[in-house]
1. Any residue that is under 21 Å from the mean Cα position of the chain (by Cα), within 30 Å of residue 107 (Cα to Cα), at pLDDT below 95 and part of a helix (DSSP H, G or I) - is there at least one of those in the stretch 192-208?
2. Could you check, for the stretch 112-121, whether at least one of its residues is surrounded by 18 or more Cβ atoms within 10 Å (Cβ to Cβ), more than 15 Å from the chain's Cα centre (by Cα) and free of Cβ contacts under 8 Å to residues at least 40 places away in the same chain?
3. Within the stretch 185-200, which residues are touching a residue at least 60 places away in the same chain (Cβ under 8 Å) and either surrounded by 16 or more Cβ atoms within 10 Å (Cβ to Cβ) or in contact with a helix residue (DSSP H, G or I) (Cβ under 6 Å, 6 or more places away or on another chain) (or both)?
4. Suppose we keep only residues that are free of Cβ contacts under 8 Å to residues at least 24 places away in the same chain and surrounded by 18 or more Cβ atoms within 10 Å (Cβ to Cβ) within the stretch 67-91. Which one would you say is nearest to residue 213 (Cα to Cα)?
């Protein structure tokens, strides 16, 4: 009988402990430090790294090759598909390179090396593509630009989990909203800038995109981070509810 009562008491203690842990988890989930997230330069550097890609979406490539070089519909599909294939093939490889660099260097330096190099590679290749009148040369440099962008993408996908793993879903959600806004508005800007559908107008568009990637490289090189940037903030918020 005594043993039976002791088992019941122990079970009740376990249940109460579990209930307290669940309550603490619910409280901690409500303690998302939005103000600190929105005012963190490292967070905005990570977001900008994602947004830059939406200024040069693959959907724009067919129009670029068709209106700038007069490529046929059949050839446009091939020219626009090559950069995308290169991007898809290189992104996993750059992710592996990033992991190898993180073992030899600090995470911040490894992330900055890949992201800045990738963005500057995109910017440089697009500057060349903006001033060429040869569709083959343009295809080569645009393909290399997309390959360089794979290094940027490898860092951009992992960076939220570096700087704030507990709130990575919040950062990714905020990033996706802003990316969709840019993805909707930038094609409208391209349409406005290419009213006459000439190669000169498309050169201006490509130069703008190149400048966006150059600015992204500069911003991430200064403010980017691969460390637990918001760890102290998260611990402070959790302690406020757990005490």
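The values are calculated or read from the model by the stated rules, or taken from the named source; none is laboratory data. Everything quoted here is computed from the prediction, not taken from an experiment. Cβ placement follows ideal geometry from the backbone for every residue including glycine, while neighbour counts extend to all protein chains displayed.
1. No, that holds for no residue.
2. Quick first cut of the stretch 112-121, residues surrounded by 18 or more Cβ atoms within 10 Å (Cβ to Cβ) only: 112, 114-116, 118-121.
Right, trim to more than 15 Å from the chain's Cα centre (by Cα) and you get 120-121.
From what's left, free of Cβ contacts under 8 Å to residues at least 40 places away in the same chain: 121.
Looking for residues that are surrounded by 18 or more Cβ atoms within 10 Å (Cβ to Cβ), more than 15 Å from the chain's Cα centre (by Cα) and free of Cβ contacts under 8 Å to residues at least 40 places away in the same chain, one finds at least one in the stretch 112-121, hence yes.
3. Step one: filter the stretch 185-200 for residues touching a residue at least 60 places away in the same chain (Cβ under 8 Å), giving 186-187, 190, 194, 197-199.
Correct list: 186, 187, 190, 194, 197, 199.
4. Looking at residues that are free of Cβ contacts under 8 Å to residues at least 24 places away in the same chain and surrounded by 18 or more Cβ atoms within 10 Å (Cβ to Cβ), I get 80.
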